[in-house]
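**Student:** Supplied in structure tokens, the structure appears directly below.
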Amino acid sequence: MKKKDNSYDIEKITAEYRPLVTFKVKKSIGAHTPEWEDIVNEIMLNAIEKIKSGQFKGDSSVGTFIYTITRRRIVDYIRRKKKIAVKYLPDSDPFPDPHEQIEDKERAELLAKKLEELKPKYKTILYLYYYKDLSRKEVAKRLGISPRNVSERVHYAQKLLRKLMKK
């Protein structure tokens with residue numbers, strides 16, 4: 001690779017190592033990634049600039065030097081992509097307010113008491129529909145009524161509960 005005057009044949013280096021860099025980049029970040037060509041160009045340009053400026057001292061082979069630049073650039077790309085992905089993750093919910101938890105518990109206890117005040121036909125409908133998570137058709141089949149009647153009873157039971165909760 002060296003010329004007689006201690007400089008390097010850049011065209012020969014590019015011709016020999018560009019396909020290897022391309023293969024490594026495509027394999028590491030995926031050929032489906034649109035940026036792979038830009039990364040290959042950056043790597044080759046960076047390597048050529050370092051060779052021309054004398055930063056490459058010849059302690060290792062040109063191939064090892066270019067491979068090291070390639071590996072580091074791929075790692076940088078992957079880290080940057082992960083940072084971007086993490087940046088756009090939704091924030092986690094803050095810790096629940098203890099007052100809200102107590103209010104929710106009290107509301108649930110009050111609702112349970114008010115449910116006991118309902119007629120059995122409304123309790124049964126709400127139990128099957130919400131607690132057992134049955135569809136309106138399944139509730140209708142179990143109780144021997146029409147699905148429309150199930151809808152009406154659920155709606156009326158909810159209305160009664162709202163009224164009882166306001167008292």
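**Student:** Quick one: Debye curve from the alpha-carbon atoms of the chain only, equal weights, vacuum; give me log10 I(q)/I(0) at q = 0.18 Å⁻¹ to two decimals.
**Tutor:** Each listed q corresponds, in turn, to -1.07.
**Student:** Okay, next question. With runs of 4+ DSSP H residues as the only contributors, calculate the mean residue ellipticity of the chain at 222 nm using -39,500 (n - 2.57) per run, divided by the residue total and rounded to the nearest 500.
**Tutor:** It comes out at -24000 deg cm²/dmol, rounded to the nearest 500.
**Student:** I would also like to ask the following. P(r) for segment 98-166: what percent of alpha-carbon pairs falls in each 10 Å bin, starting at zero?
**Tutor:** Cα pair-distance distribution for segment 98-166, in percent: 21, 45, 25, 8, 1.
**Student:** Taking 35 Å as R0, compute the FRET efficiency from the Cβ-Cβ separation of Thr124 and Asp104 and round it to 0.05.
**Tutor:** For R0 = 35 Å, the calculated efficiency reads 0.85.
**Student:** When the scattering of segment 1-83 is computed by the Debye formula from its Cα atoms alone, each counted once and equally, what is log10 I(q)/I(0) at q = 0.15, 0.24, 0.25 Å⁻¹?
**Tutor:** -0.53, -1.16, -1.23
Readers should treat all values here as calculations from the given coordinates under stated rules, not as data from a laboratory. The structure displayed is predicted, hence computed values, not measured ones. Positions of Cβ are generated from backbone atoms using ideal geometry, with glycine treated the same way; all protein chains shown enter the neighbour counts.
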